[in-house]
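Here, each number is a calculation from the coordinates, and none is a lab measurement. Everything numeric in this text was worked out from a predicted model, so none of it was measured. Using ideal geometry, Cβ is built from the backbone for each residue, glycine included, and neighbour counts are taken over all protein chains shown.
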Amino acid sequence: GYSVIYPEFAPASRIIYFPAGTYLVSDTVSYTLKDLQNRHWSKPYYELTRGIRIMGEDRDRTVIRLADHSKGFETGSGKAVVSYTNAPLACEKECSNVSQLNIFTDITVDCGEGNEGAVALRFVSNNSGNVENVRLISHASHIGLQLPVATEAVFRNVEICGFDYGVFTSPATSICVFDEITFDRINCACVRSSRAIA
């Protein structure tokens, strides 16, 4: 037998569309393939999370809201409201290398109240990706946008309000381009980065 780095047949894109409305959640919204992994490395977070397109109808009218005081989102949890990977907050190395072409657009993520450990959006997209027309809101949560593993993407027209950290990256995060990103009421740092950001 032999092993390959990428799957012989990459999975088709998955589109998850949210019509206008408020979606009250109490756990992480995620589409990951933890049982479908890169065949070359059998590591815990080498997922085939490729072509995941989470799209709302309109940022102002499409809201994913975490219920107040949701279990598991306490201080120190680092748990995401919306996530493109099963990798935890503390993952400080490349975990997924088959995560191209992921998209998150036209949605507001509201972390609710009493969820101090929440991460609004944990986004991963190797080589290319897009986060556009997005608003991340907190009433004292931990991180707005987290890039935990190797990510190269464009972030355009993103508002981040009310977090300890606006954007939080790991050493594995690659080059990301931010265009029209605004911060408001950030407690510690707008960007905590250990790699180049243009």
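Show the residues, 5+ positions off or on another chain, whose built amide H is closer than 5 Å to the amide H of residue 141.
Distant-sequence amide H within range of residue 141: 164.
Around residue 18, which amide H atoms from residues at least 5 apart in sequence, or from another chain, sit under 5 Å from its own amide H, with H modelled in the peptide plane?
HN-HN under 5 Å from residue 18: 55, 56, 57.
Length gain on complete extension for the stretch residue 65 to residue 152, per 0.36 nm per residue less the alpha carbon to alpha carbon distance?
28.6 nm
To the nearest 0.05, what FRET efficiency results for residue 187 and residue 13 with a Förster distance of 30 Å applied to their C-beta separation?
0.25
Label residue 26 and residue 53 with points 7 Å out from Cα along Cα→Cβ: what is the distance between them in nm?
The two pseudo-label positions are separated by 3.3 nm.
Output the direction-averaged projected area (hull surface divided by four) of the convex hull of the alpha-carbon atoms of region 96-148, in nm².
Average of the hull's projected areas for region 96-148 equals 3.7 nm².
How large is ³J(HN,Hα), in whole Hz, for each residue of region 155-163 in order, when computed from phi with the Karplus curve 6.51 cos²θ - 1.76 cosθ + 1.60 and θ = phi - 60°, using x for Gly and Pro?
Those phi angles translate into 10, 10, 6, 10, 10, 10, 9, x, 10 Hz.
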